[in-house]
Structure formats: structure tokens, C-alpha cells
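First the structure, in the form of C-alpha cells, and then the observations on it.
The values are calculated or read from the model by the stated rules, or taken from the named source; none is laboratory data. Keep in mind that what you see is a predicted model, and the values were worked out from it rather than measured. Virtual Cβ from ideal backbone geometry, glycine too; neighbours counted across all protein chains shown. Accessible surface areas use protein heavy atoms only, side chains included; no ligands, DNA or RNA. Shrake-Rupley method; radii C 1.70, N 1.55, O 1.52, S 1.80 Å.
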Number of protein chains: 2
Amino acid sequence: MAENKIEIIRHSTAHLIAAAVLELFPNAKFGVGPTVENGFYYDFDLPRSLTPEDLPKIDKMARQILKKNIKFVCQELDINEAIGLFQKADQPYKIELLNDIKKFGTTDVNKQTEIKELSNNKVSIYTLGRFVDLCRGPHISSTQSLGAFKLTKIAGAYWRGDEKNKMLQRIYGVAFENQQELSDYLKLQEEAEKRDHRKLGKELDLFSIDDYVGPGLVLWHPKLSIVREQIELYWRREHYQRGYQYVYTPHIGLSNLWQTSGHLENFQEGMYPPMLMAEKDEIEKTKYYVKPMSCPFHVRIYKSQLRSYRDLPLRFCELGSVYRFERSGVLHGMLRVRGFTQDDAHVFCREDQFVDEINKIIDFALDINKVFGFDKLNVYLSVRDPKITDKYIQNEHIWKFAEKILEEILVKRKIKFQKDIGGAKFYGPAVDMKAVDSLGREWQGTTIQLDMNLPSRFQMTYIDKDGKEKTPIMLHHTVLGSMERFVGTLIEHYAGAFPVWLSPVQVKLVLVNEKHIEFVQKLASEFKKENIRVELDISNETVGNKIRKAANEKVPYMLVIGDKEAVSDKLIIRDRGSKDTREISKEEFFKEIKEKINSKK
Amino acid sequence: MAENKIEIIRHSTAHLIAAAVLELFPNAKFGVGPTVENGFYYDFDLPRSLTPEDLPKIDKMARQILKKNIKFVCQELDINEAIGLFQKADQPYKIELLNDIKKFGTTDVNKQTEIKELSNNKVSIYTLGRFVDLCRGPHISSTQSLGAFKLTKIAGAYWRGDEKNKMLQRIYGVAFENQQELSDYLKLQEEAEKRDHRKLGKELDLFSIDDYVGPGLVLWHPKLSIVREQIELYWRREHYQRGYQYVYTPHIGLSNLWQTSGHLENFQEGMYPPMLMAEKDEIEKTKYYVKPMSCPFHVRIYKSQLRSYRDLPLRFCELGSVYRFERSGVLHGMLRVRGFTQDDAHVFCREDQFVDEINKIIDFALDINKVFGFDKLNVYLSVRDPKITDKYIQNEHIWKFAEKILEEILVKRKIKFQKDIGGAKFYGPAVDMKAVDSLGREWQGTTIQLDMNLPSRFQMTYIDKDGKEKTPIMLHHTVLGSMERFVGTLIEHYAGAFPVWLSPVQVKLVLVNEKHIEFVQKLASEFKKENIRVELDISNETVGNKIRKAANEKVPYMLVIGDKEAVSDKLIIRDRGSKDTREISKEEFFKEIKEKINSKK
């Protein structure tokens, strides 16, 4: 097995934990103990249920064994000999596995379709002190070479994942090469948990996903709707400035549209089932589909007029809400949903404009991502998976040509990129620019795709200089991806503390004493007049509670209005995250906020 | 029959036309000749097809008869006597009608379900000169008392509307009490045709409705999308200022949502058929419906938090795209569609806030309608039709109470209104404020509805001052109605010449001579910098053609840039609709446009 060092360390740590469990529970029966992302687990059948208090005990025992610097010893045994060994040790799960190996040549139940005896009748056994395991290895030489680890949780797990089998007890852990890496990982985990958009979404009243409405369908609450609106306004302005024209198209379309577009042929599994009109109307025996993409609608608008070479490039954009079916198991908050609003754009251009248009879109994407603090983008050239070419529209020549041109553009711009084999859409290759957030995590956002499908399917044309009909080139791109995923990402990226220009509430006025209510209301209306989003807290809570509440709401500026503030000609500001206050004149404060808004800070 | 004067005139004119046809075609067989909106028609079986050239001849003959001042003479005949009369005149259609009357007591085929003989065996016969007709009357006394009329068109029509019968020839006409009324009507018709939004929609490249996409589904082209966006921006700002919070909700929802809301019970015929998830996923055996209304989603957002009496009124708004099934026959451009974006809002309030909230919405509606030049609103109090109470949710007490309160509000405000019996929604009564456009036509727009259904169905609550759970009152309103209908109305209202603030292109720069291209481009970028929507025409067309094109596009300001203009320090402006030009400094012109934009002119 060609496993890398960290995998070997993680797997060896699983053995160490098993050895520790054996010390504490001499009658323990052992299941399996593989590696998982960042760590490992091991399944046990124990005489009693483990409690969270057991974890430190097991941890302590494991570290005692570790200190003894025991060797991982490998033995090759005849399979019957091995069965005898585990019979003596009273390890029924290991015996079951060995019998499977003997019969099918594998322990993987999914591969046990036919009897296929083990060729050489040998299996490997690893011993760590008193703990003996059936194991393919490899392992490190001795416990001294183990890295840093931490046991993280206990869970129940059916033996071999089958609910007809006995429920075993699983201990999870994480392991890294050294303490620094482990600490970094744990810190990142802690930070990521704090920033989880689902958690913050609830705490800050940002959005909900509701069983009554449907899985993967987001209800945007008022506060997050303001964030979205600000982004949409900015997005539209940027598109207008770059020569895009906004269009509005419907959310449903007749089946013949999706037939012609090729979606029914190539994308049906991603579409919601059809609405059958025959149920409704005897005359209209058609089907409608909720749109999974807006492209065919934009193509129809293109086709509503005769187009000349002079009209190109024609750039349409739309914040188009689309619906795609995904198994409910893979859905994740706002980040993986079924209904989302794509920040969609289509560029129709001539061949001589194509490279220039791609470059313009790359510039565009770099600019916009920067505004949201995504200075680093991981760039991928998404190409076909050559092993499953039937997944893609068939035109070998054009695929090769298109993939080559996109690669040349990136090379010429000296943009570092990786190839994403199989990352292409069914209709063409793409350049994907993934944003890296404040925790170093990568988020899907910008995609620039060549559509080699729709122009010919819809027989799109323009009249060229020579009076002849030509087929335009069609580019599809999103800069943000979807409003749902992008704003979900932003919640985590900013940990809910949106920059001033996006903050649902920019200024919170906390009233200390009823007698200043008129003062506070007048102040609020002055903020409103300056188009600053202001909220009053005039509730009966204590001042301490109100201040805590505003701090929890992550409002950028808080003004606590008491006797002193009500007579002062300056404003006293508490900046978000700071315990101190500062004094500033009203005019300066307006100016400060407006400057932040204008500069998207 | 209690028919009013104009109806009697129209019906008598139909007889006059029939008499004229008899003079010109002595063998004409006569079908029926009822009144329709603004006029009448008469169906004939003639030996040859009529051509448009026949209309003036028939008109001339009719006027000759009219001049003779012939009397309309009524006779009561025994039905068999009448049959004999028409047998002698060889009028088979009249005989068929008489036989029906004899047998069923009516000529209406839909009411001929059982044999029901005529009671007194008498029918009335009207004679106008040589023309004799079976007719219930009444008629005017003589042709002298006829008003002004005009024959408008010829069409084919099956006898008794049944395509199995012979196709007869129908002559349509309009008739009014006097020449002035007729002229006014014809002028209005002509103007309305010129303003038809479907015609202008094509000419100005505003929108299309596409067989590929589906009937009643609008594709908004770039120019009309700008109009819509400007209205939406204004709409949102107005809602924010009035304390509304914007929300975004999905376009599809699970069947249990529509079950609970009562839509499946009370509104299913208006909904698109369901999407059956069992087709997709064996686990998820649910149904989804495309939303016909956004209300249930807003209710779910309300319910996502515990609400206190202090939180109320809570006002949610959304530009929500909804889809409703309508027979394709009733669809009409953008004015009657299947997919539309409602400018939706829901107010959740306490009982003591209810009257105040309604008054605020009325103020709101009056303000917004005025901005679009709809100074006159026809107000309706939409109440139940007491004859079909099963169409409405069942709560006699609350219906009476609610209808009374709405009426009191209108009375107190001294707003003139009519009752629209049967105009209520299934869930409650409404105040409808219909806009009257520049041609005096009435358009459905603002509706303020009380929802007596959803709060209880979804068990909505708030915690009142006394700590007890109470049910909030729910109001639903739209100010514009839907973006499709409202913008379609605006196209007709403004005859495509949108005010400056809404114009897709505010300033058109027409280049006379290639050598000034840099000057024109620089000028364009200055307009852009001032956020003024500018378009260049640098095509190879003649200047005359370019000017004509810009005029046809109904752009508010045109600047033709030639040698003189390129060196002048003033701009030379052609205002829309004016043949003259005027000189103005750039700064003044920017100011003028911005003032118009800011004041929504």
C-alpha cells in the first residue's frame, strides 16, 4: 500500500488506542480501526457503554503505552493459523473478517459477489504489546514515532455498517505529525465551529431552512436580505459598467425548451420532475420544468431579434433563481442547497472577440472577489474526464481546441492554475476561480464556462460583415456563484461581523433613560436621512443587557445614549469588538460611515 | 327587458343594418343580431362572401333607410302564425329559433335541457320597412331616433356558435347616442391601438412572449428590464421608509405547506400541477408546487421566531415571482399572464393597530400611484358574493365584521367607492384601488386584503402584554399589483414614451461625421459618470435615418453631433416630440436631467 506518512501515523494511532482500550477492558472485542479525514476511529464491543469521562482515561493509558516505546511487530501467518490465534484470543469480529478473506479474498462486503479464494493463503498480523490485530499495515516502527493526537468523541456504529448487526462503540480521534499541526488544526476547527453559518444564521436571525417549505430551500430573513440586496445592487452596477444588460426571465419553461437545449438529455437527473399540464387542461398536453439554469431563456431573447456582427458582443446578465435536485443527504445549510439564485451572465460574441471577452471576465472576477476580502483565488482549468467522454457533448475537435485556448489565456496571464480533470460541464470546459477565506478554506465562486452546446442547438446566428449567417460563441459565467452559497460563505468568512457597507444594522442606538427618547428618535431620523441603517433599542432591559445584545448582534457602531450623551455636541461611539469609546462630531461620523460604504469596507 | 337607452339604440341599429342588407341582397337569410360592448353585430347567410368594400355600400343603404324615418313596428303573433310568416319569407334560421321557443321556451341552447313549452304561445315580431325580425325588443320608435353609428368589420361566425353548423357572415358596428360620442370613441380606439403594449413591445424591443418558453411567460428584454429595475428600486426604498423589511423566499414549496395554507383546498385550480418527487427519489415521496402566492413563506418567516406584542406591526415585503394557471385563451400580452412578479407585502399586527395600518397602506398607495401619473383611482370595496358563500372560508361573523370595518375606513376618509360584490378573495374582503390611465381606462393595481385564513391555519401567535398567546391580524397588499401588468399598463399609459427617470435610454448621441467619434465617446462617458443612461449611434446610416430611429425609440433627449456641435461649448438638444432644438450648457443639462430623475419625472 502506497500510503503517505501522515496516514500511517493516523492508522498506527488507532492501534495505540485499541491497545489502551485492551489494558482498560481486558475482555474487549475489536472491530475495525481505519483512518478518516484528519484522524481515525476504532470500533469496540465492550462490556459496558463508554461515557465522555472514559476518553481522558483511555487517552492517559495510550500515552503511558506510547512512552514505553513499544514496537509495531508484523508477522505473516497462514490464514488458518491466524484464525486459530484470534479464536484463542476470543475475537469473533476478527474471525469473521478472516473467514471472509478466506472465502472471498476481501473483507469488503460490497466486493464479496463471488467466491474467490485468497491466492497465497497468507495474512499479516500486527502486534503492539499485548494487542494483536489483523492488519494490512504499514505501520510506523515504534510508538516513539507517533505524532500528536487527540481523542475527539464517542459514537455508536453498527458492525460493518449494517443495522441488523450489533451496535459497537466507536472512538474518534485526530492525529498529526506534530503538536503544532494538531494545535493549528484544533484551533481552526474551533474557529470554524464558531463561524458556522448555520449557527450564526440562527443567532443573528439571518435565515432559516424549514421542513414545511422543503429541504435545501432558503428563507432569507430581513437582516440577511439587506446583505443580499447590497451585494445585488453592487453586482448590477458592476455589470452595467462593464457593458452587460440585465434581463428578467421566468422560472418555468416548456419541455420543448429543455429538449432543444439538451438539458433533458444531459442534465435531467439534476432537474425537478415535470408539471404535467394534461392534469390541468385537456387542450394543453405539455410539460413544464422549473429551470435548473437560465441559459436557454437568454438564448431565446438573443433570438428574438435579428443580430448583426455590429451588435456583438452582447452581454446579458440576470440574478436568476434556479432549482436543482440534490439528494437531501448532501444538503448543507446555505452552502449546498436545492434552490439558489445564480449571478448569471451570458456573453455572445464573435470568434475574434472571444479571448478578449474571457480576459475581461477574469479581470472582473478578480476585482469583485477582492472587494469581499478574497484576495487569494485558487484557479482551476476544468476539463473533461477522458475516461467518461459520453458524459459530455460529442465534438472531440472543439473540446481539444477550447481546452487549449483557455489554458493559453491562463498561461499568458501568468495565473497559476491546476487542472481539474472531470470538472468540465457537459457543454464545455471552464475556468474556475475558487475563493480562499479567512481560515484558508476554499469556496466555489467564479466560473467562466464555454458553452459549445446551445448556439448550435438553438441555431443561433448573426449576420457577419460579408452578409453571411454565422454562429456566435457563447460564454457563461458567474462571478459570485450563487447568492445562497456566496452569502453563506461570507457569514463564515466574516464570522457574522459584516463590513459596514453590508451590515444589516450599521448603527445601534441604545437608550439608557426614557427621558431621552425624543433625542434618540431625532438622532435616528438623522442617520436615516443620510441613508445609514440605524436601529433603536428602547426596550425595558437593563443597559448592560442592551449593550451585550448589540455586541452579540455584531453591529459595527453602538451609541449608548444617557444624560451625558444627550447634552454633548459630540457622539460617543463604541466600535465593534472594542470596549473603549471614542468621541466624534456627528458630521465626521456620517462622513466616516459613508466613506466606508462607498469604499465597500 | 329593462334595457337602457344606448342598448336600445345599438340593437335598433342592428335591425337597420339588416334592413339595408335585405335591400342589397334580397335573398339574404338572417341569423341573429344582438348588442355587444359599444355596438352590435348581425349574422347573415348571403349568396356571396362580403368584402371590406361592401361595408360602405351597406352603410350608404342604411343611411338612406334612416333618412326615410321609418317606424319600428311591433306585433304580437301566435307562435305558429309567426312560423308561417317566416316560412313565407324563406327564413330558415328564424324558423329554427321559433321551433326552439315553441319546444323549450327559449332560444338559448344551453338552457334547452328539458322540454318546456312557451306559456302564452305568443312571440313578438318587429318590422322595419321590408325587414321583419323575430325580436323581443324593445326598439326606438323610428329611425329618426337612432344615434351615430359606424360599421367596423366583417367576420365569419358559425350559426349558433357551433362549428358543426354553417358559417355565416357577421357584420360588426359601433353605435352611440350622438356623433360626438362616436367620434370620441373612435379616437380613443385609434389611440389605444397605437399604444397597444404588444405592438410597442415589439417596436421598441421591450419584451417577448415565446412559444418555446410557454404562453403567459414574459421574457423581459434589456430595455424594459431597466424600466422595471428603476421601479423596483423606488418601490423598495418607499417600503423601507415605511418600515417594511424585505425578504427573499423560494419559488417552490412542499405540498404540506399548501395543504396547511388552504391553497390546495381553495385555490388549486389556479395552481400549476405538482412535481412528484417519487419519480426522482424513492425516499422522498413528496410533492412540490410552484408558488401561486408568497404568503405562506412570509408566515413561515414570522413563525421562525417567538414574537412579542412589542415586535408588531411586522411588515414583510417581497417582489415575489408567482405562477398561476389561466386558460391560454384569456392571456393578453403582459396584462394577463401566467408568470408574474407580485409587489407583495404582508403586515402582521395587533387588533389595536389594524385600522391605522390600513390607513397607512391607503396613503402609501395614493402616493405611489401619483408618481406614475395615476392621479385618479377608482376605489372598490370587494366583498363576498352572498349567493356563493361556499367559495369563501367559513366564518360569517368575522366576514361581516371585516367588511364593515373596511367600509368605515373608506367612509371616514371620504373616499368615494363602489362595492364589488364577489370581488373578495377566498380568505377575506379587500379594498381595491384601480388606476385610471391617460385614456380613461381602468387598470387593476393596488389591492389591500385582509387575510382571515393563514394566521389560524398556521397557528401564528405573539405574546401579548399580559403574557398570553394571541393571534396576529394579517394584511396582504400590493401597491402596483404585478410588475408585468403594471409595466404593461405603463407602456400604454405613456405610449412607450417613458418619463426621463424610467427611460431605458435617457440621452441619445447621434454621430454625424466619423471624425467626431472621440468627441462623442468622451461626451458619452461624461453622461455615464453622472449616472445618466446614454446610447451612441455611430452606425453608417444617414443622419436622417439615425434621427428618425432615435425619434421612433422615443428617447427623451437627442443630441446630433456634427461640426458645429463638436466645437460649441453648449449642447444642442432635441427634446422628444419637438422638431426644434435648444442650446444649454453641459452642467445645466446634467442638472436638468438629474432633477427630473430625482423628482420622478
(request) Give, ordered by residue number, each residue of segment A:235-252 whose 1.4 Å probe accessible area is reduced by a minimum of 10 Å² on adding the remaining protein chains to the chain alone. (result) A:Arg236, A:Tyr240, A:Gln245, A:Tyr246, A:Val247, A:Tyr248, A:Pro250, A:His251, A:Ile252
(request) Please tell me which of these pairs span more than 26 angstrom C-alpha to C-alpha: A:Lys591/B:Lys591; A:Lys391/A:Lys419; A:Lys522/B:Lys529; A:Lys5/A:Lys150; B:Lys5/B:Lys71; B:Lys291/B:Lys554? (result) A:Lys522/B:Lys529; B:Lys291/B:Lys554
(request) Express the accessible area of the protein assembly as shown per residue in Å², computed with a 1.4 Å probe while the remaining protein chains stay in the model. (result) 47
(request) Taking 10 Å² as the minimum loss, tell me which residues in segment B:281-307 lose that much accessible area going from the chain by itself to the full protein complex (1.4 Å probe). (result) B:Asp281, B:Glu284, B:Tyr288, B:Val290, B:Phe297, B:Arg300, B:Ile301, B:Ser304, B:Gln305
(request) Assuming a ≥ b ≥ c are the square roots of the Cα gyration tensor eigenvalues, decide whether chain B counts as rounded (a/c under 1.5), prolate (otherwise, with a/b larger than b/c) or oblate. (result) oblate
(request) Report, please, the projected area of segment A:169-234 averaged over directions, based on the convex hull of its C-alpha atoms, in nm². (result) 8.2
(message) Rounded to the nearest 5, what % of DSSP beta bridges with both residues in the protein assembly as shown are antiparallel?
(response) 85
(request) Provide the FRET efficiency to the nearest 0.05 for the B:Ile415-B:Arg457 pair, computing r from the beta carbons and using R0 = 35 Å. (result) 0.65
(request) Mind listing the long-range amide H neighbours of A:Thr286? Cut-off is under 5 Å, sequence gap 5 or more, other chains count too, H placed in the peptide plane at 1.01 Å from N. (result) A:Met277, A:Ala278
(request) For chain B, find the longest principal axis of its Cα atoms and tell me its angle to the long axis of helix B:79-88, 0 to 90°, nearest 10. (result) 80
(request) Please work out the Cα convex hull volume for segment A:153-298 and give it in Å³ per residue. (result) 289
(request) Using the Cα centre as the reference, give the magnitude of the dipole from point charges on the C-beta atoms of segment B:211-323 (Lys, Arg: +1; Asp, Glu: -1; all else neutral), rounded to the nearest 20 debye. (result) 600
(message) Taking loop as defined by DSSP and a crowding limit of 13 other beta carbons within 10 Å, which trypsin sites (Lys or Arg not before Pro) in segment B:24-103 fit?
(response) B:Arg48, B:Lys68
(request) State to the nearest 20 debye the size of the charge dipole of chain B about its Cα centre, where the only charges are +1 on K and R beta carbons and -1 on D and E beta carbons. (result) 620
(request) Grab the DSSP H runs of the protein assembly as shown that are 4 residues or longer, score each as -39,500 (n - 2.57), total them, divide by all residues and round the 222 nm result to the nearest 500 deg cm²/dmol. (result) -11000 deg cm²/dmol
(message) Straight-line reach only, C-alpha to C-alpha below 18 angstrom: list the aspartates and glutamates that B:Lys67 could link to, leaving out same-chain residues fewer than 8 apart.
(response) B:Glu23, B:Asp59, B:Glu177
(request) State, to one decimal in nm, how far the label point of A:Ser49 lies from the label point of A:Asp580, with both points 7 Å from Cα in the Cβ direction. (result) 5.3
(message) In whole Hz and in residue order, list the ³J(HN,Hα) couplings for segment B:557-568 that follow from phi through the Karplus curve 6.51 cos²θ - 1.76 cosθ + 1.60, θ = phi - 60°; x for Gly and Pro.
(response) 10, 10, 10, 9, 9, x, 4, 5, 5, 5, 10, 6
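What's the buried accessible area, both sides, between A and B using a 1.4 Å probe, rounded to 100 Å²? The partial results should precede the final answer.
On the way: alone 31000 and 30980 Å², together 56460 Å².
That pair hides around 5500 Å² of surface in total.
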(request) Working from Cα positions, state the angle (0 to 90°, nearest 10) between the long axis of helix B:483-493 and the longest principal axis of chain B. (result) 70
(message) Considering all projection directions equally, how large on average is the shadow of the alpha-carbon convex hull of the protein assembly as shown, in square nanometres?
(response) 63.7
(request) Within segment A:45-146, list the GluC sites (Glu not before Pro) lying in a DSSP loop whose Cβ has at most 13 other Cβ atoms in a 10 Å radius. (result) A:Glu53, A:Glu114, A:Glu117
(message) With θ taken as phi - 60° and the coefficients 6.51, -1.76 and 1.60, list the Karplus ³J(HN,Hα) couplings across segment A:186-191 in order, rounded to whole Hz; mark glycine and proline as x.
(response) 5, 5, 4, 4, 4, 5
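Please report, as a whole percent, how much of the solvent-accessible surface of the protein assembly as shown comes from carbon and sulfur atoms (probe radius 1.4 Å). Please list the in-between numbers first.
Values: 27180 of 56460 Å².
Accessible surface attributable to carbon and sulfur in the protein assembly as shown totals 48 percent.
For segment A:507-599, what does the equivalent ellipsoid look like in terms of its semi-axes, each the square root of 5 times an eigenvalue of the Cα gyration tensor, given largest first in whole Å? Walk me through the intermediate numbers first.
Working: eigenvalues 75, 48, 31 Å².
Taking √(5λ) for each eigenvalue gives 19, 15, 13 Å, largest first.
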(message) Kirkwood Rh over alpha-carbon pairs of segment B:2-185, then Stokes-Einstein at 10 °C and 1.306 mPa s: what D in µm² s⁻¹, rounded to an integer?
(response) 94
